[in-house]
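Data first, discussion second: the structure below is written as structure tokens.
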Amino acid sequence: MKQIGFIGLGAMGNPMVRNLLKAGFPVTVYDVIPDRMQVLVSAGARAASGLSDVAVGSEVIITMLPNSPDVREVIVGAGGLVNHMKPGTVVIDMSTIEPRVAQEIAAILTGVQCVLLDAPVSRGVRGAEQGTLSIMVGGDRATFDECQDVLRAMGTDLFYIGGSGMGQVAKLVNNTMAMVNVVTMAEAMVMGMKSGADPEVLFRVVTHSSGDSYSLRDKFPHILDGRFQAGFTVDLAYKDLDLALRHSTHLLVPMAVTAVARELYGFARAEGDGGLDCRAVIRVLERAAGVQVRSRG
Ligand code: NAD
């Protein structure tokens, strides 16, 4: 079995490591928060003393970190993995970051005979826990094939998208659609509610009509019950739309609707709802309209 290193043991990283251990991989873990390593040591992982410790003993190193600057610092920063890895080491970055940053890091790793796959994921914490993540991969095709055993321990749907950065591009396409859809669903339902319609009736109508969507089915029943605990947070929705807009600016592709949606998540964050599920964006629209979309029952 390949020796795995895993860096970033948060909401996603913790259950992903557990699935690697269940599949029989030896895993060395590292996080700047020591308690996050200790809970995984109880599950069979080895705690590393630092990034160099992960680098020297691992054949495949997975990173699951908040954003582009964190991934850059951990892999190619002054004290980063690049200074300690053996030639031939594969780094699989499963965080969601800017495609251009993934490409920059991949080029640096090529210079030391190592390889980066960008492999962001979808289906959230539930998918991470159940080992049913959807994984979108960019980078060298042969390396992707060699790493399928590792990826299949965490996900059921693997997609090879293309060269370096293309996994991140696929992730941004997906999350732009999903997160804009939540905003559209929210504002249309606020309009319906303010008009006096029963939101449960509207839910039945739209799930049987052309406005139906994953966002509606996944998010709206919780809105009706007034449940906004995270899931996929407002902060992450803002982050991913912001990444899409940075990428589109670079490409000279206007994304007007995405820009408005990002700002609505920005209002939700400014009002203190950043840690709630992204469906809490409806609260911004409810406050503006002076109405609450809740079950009447
Ligand atoms: P998180 O904030 O819960 O976890 C990140 C972990 O990284 C934390 O434990 C933090 O201490 C650690 N960390 C930060 N900087 C570090 C460093 N320099 N060295 C070592 N450890 C460091 O985040 P998460 O929700 O697990 O998300 C991780 C990534 O996955 C993000 O890019 C996110 O966009 C993406 N993602 C998240 C979800 C979700 O539902 N949470 C879904 C899909 C994708």
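Brief remarks follow.
- Using the Cβ-Cβ distance between E146 and D35 with R0 set to 30 Å, the FRET efficiency works out to roughly 0.35.
- Cα pair distances exceeding 22 angstrom across the range 1-90, given as percent: 18 percent
- D_trans [Stokes-Einstein, Kirkwood Rh over alpha-carbon pairs] for the chain, 4 °C, 1.567 mPa s, µm² s⁻¹: 64 µm²/s
- If R0 is taken as 22 Å, the Cβ-Cβ distance between A43 and V112 corresponds to a FRET efficiency of 0.10.
- Under the span-like rule (Cα at least 15 Å along the axis, Kyte-Doolittle mean at least 0.5), DSSP H helices of the chain: 99-110, 166-194, 256-270
- Here is how the number arises for the chain: DSSP H runs of 4 or more residues each give -39500 (n - 2.57), the sum is divided by the residue count, and the result at 222 nm is -16000 deg cm²/dmol.
- Over the chain, Cα pairs under 8 Å with separation of 6+ residues give a relative contact order of 13 percent.
- Inter-label distance, nm, simple model (7 Å from Cα along the C-beta direction), V173/M1: 3.5 nm
- Greater than 24 Å apart at Cα, pairs in K219/K239; K194/K219; K22/K86; K2/K86; K2/K171; K171/K219: K22/K86; K2/K171
- When each of the peptides 117-126, 250-259, 70-79 is scored by how many other beta carbons lie within 10 Å of its residues on average, the order from highest to lowest is 117-126, 70-79, 250-259.
- The residues packed around Q130, meaning those with a beta-carbon under 13 Å from its beta-carbon, carry a net charge of +2 if Lys and Arg are +1 and Asp and Glu are -1.
- According to the Cα-based calculation, Rg over Rh for the range 99-253 is 1.07, with Rh computed by the Kirkwood formula.
- Considering the range 212-297 at the alpha-carbon level, its Rg and Dmax are found to be 13.9, 49 Å.
- Diffusion coefficient, µm² s⁻¹, Stokes-Einstein with Kirkwood Rh over alpha-carbon pairs of the range 157-234 at 37 °C and 0.692 mPa s: 229 µm²/s
- Take 227-233, 7-13 and order them by the average number of nearby Cβ atoms within 10 Å per residue, most first; the result is 7-13, 227-233.
- Between the range 187-202 and the range 247-265, the Cα center-to-center distance that results, in Å: 28 Å
- Among 38-45, 50-57, 135-142, sorting by the average number of other beta carbon atoms lying within 10 angstrom of each residue, highest first, gives 135-142, 50-57, 38-45.
- Cα centroid separation - the range 153-176 against the range 67-95, whole Å: 19 Å
A short reminder: the numbers here are calculations on the coordinates, not readings from a lab. Remember, predicted model here, so these are calculated numbers, not experimental data. Cβ sites come from the backbone with ideal geometry, for glycine too, and all protein chains shown count toward neighbours.
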